[in-house]
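Student: First, the structure itself, so that you have it in front of you.
The values are calculated or read from the model by the stated rules, or taken from the named source; none is laboratory data. What you see is a predicted model, and the numbers here were worked out from it, not measured in a lab. For neighbour counting, all protein chains shown are included, and Cβ atoms are generated from backbone atoms with ideal geometry for every residue, glycine included.
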Amino acid sequence: MSDVLLFQTNDDGDITIEDGLVELTDDFRTAAYLSLFGGNEDDDGRDDNPLTWWANLNEIDPASKYVSETEFLLQSLPVTTSNLLRLEDAAIRDLSVFVDIGTVKELTVEVSLIDINKLKYVINLNGDETVTFIQNWKALAEL
């Protein structure tokens, strides 16, 4: 099964269309991207949150809901190196659906600050597949 390949740009995700065809992928990149950065960035993950992404409202299976705690924290936590661990933990929770449904057995995430307000996410699945995203840290630096 193939997904549309989503990739990160300076102003969020995009797709490639070449000769009228959308580029597809058979790996975890699109599902991981949507798990981390999909949904509503104002959704803090609470069950009673009225700001949940609209498609979550009628979704019964918790594994199919996009909460994206990562996206929420990127726009609410101040830019400090001490918050990198919080972002890693949030990413692991957002991606835990892969483990819960048995798609992967092992999942690790490393987040590093590579430039002013720019993060690198390195996600390792089963020790043999790596997915990397560069993402803007949307919150303001702590003064």
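Student: I need a count of the residues in the stretch 85-129 that are assigned to a helix (DSSP H, G or I) and free of Cβ contacts under 8 Å to residues at least 60 places away in the same chain.
Tutor: Count: 12.
Student: For the stretch 31-72, name all the residues that are polar (S, T, N, Q), assigned to a loop (DSSP other than H, G, I, E, B), closer than 22 Å to Ile123 by Cα and modelled with pLDDT of 75 or more.
Tutor: The answer is Ser68, and nothing else.
Student: All but one of (1) under 24 Å from Leu5 (Cα atoms); (2) loosely packed, with under 13 Cβ neighbours inside 10 Å; (3) within 16 Å of the chain's Cα centre (by Cα) hold for Leu85; state the number of the condition that does not hold.
Tutor: Leu85 satisfies all of (1) under 24 Å from Leu5 (Cα atoms); (2) loosely packed, with under 13 Cβ neighbours inside 10 Å; (3) within 16 Å of the chain's Cα centre (by Cα) except (1).
Student: Testing Asn124 on (1) surrounded by 13 or more Cβ atoms within 10 Å (Cβ to Cβ); (2) within 17 Å of Asn83 (Cα to Cα), one condition comes back false. Which one is that?
Tutor: (2)
Student: Which one is nearest to Ala91 (Cα to Cα) among residues in the stretch 1-30 that are loosely packed, with under 10 Cβ neighbours inside 10 Å, of a type in the set (Asp, Glu) and modelled with pLDDT of 80 or more?
Tutor: Checking each candidate, the answer is Glu18.
Student: Also, I was wondering about something else. If you go through the stretch 56-88, how many residues are under 24 Å from Phe98 (Cα atoms), touching a helix residue (DSSP H, G or I) at 6+ places or on another chain (Cβ under 9 Å) and among the hydrophobic types (A, V, I, L, M, F, W, C)?
Tutor: Count: 6.
Student: Can you pull out every residue in the stretch 15-30 that is touching a residue at least 24 places away in the same chain (Cβ under 8 Å) and outside any loop (DSSP other than H, G, I, E, B)?
Tutor: Arg29, Thr30
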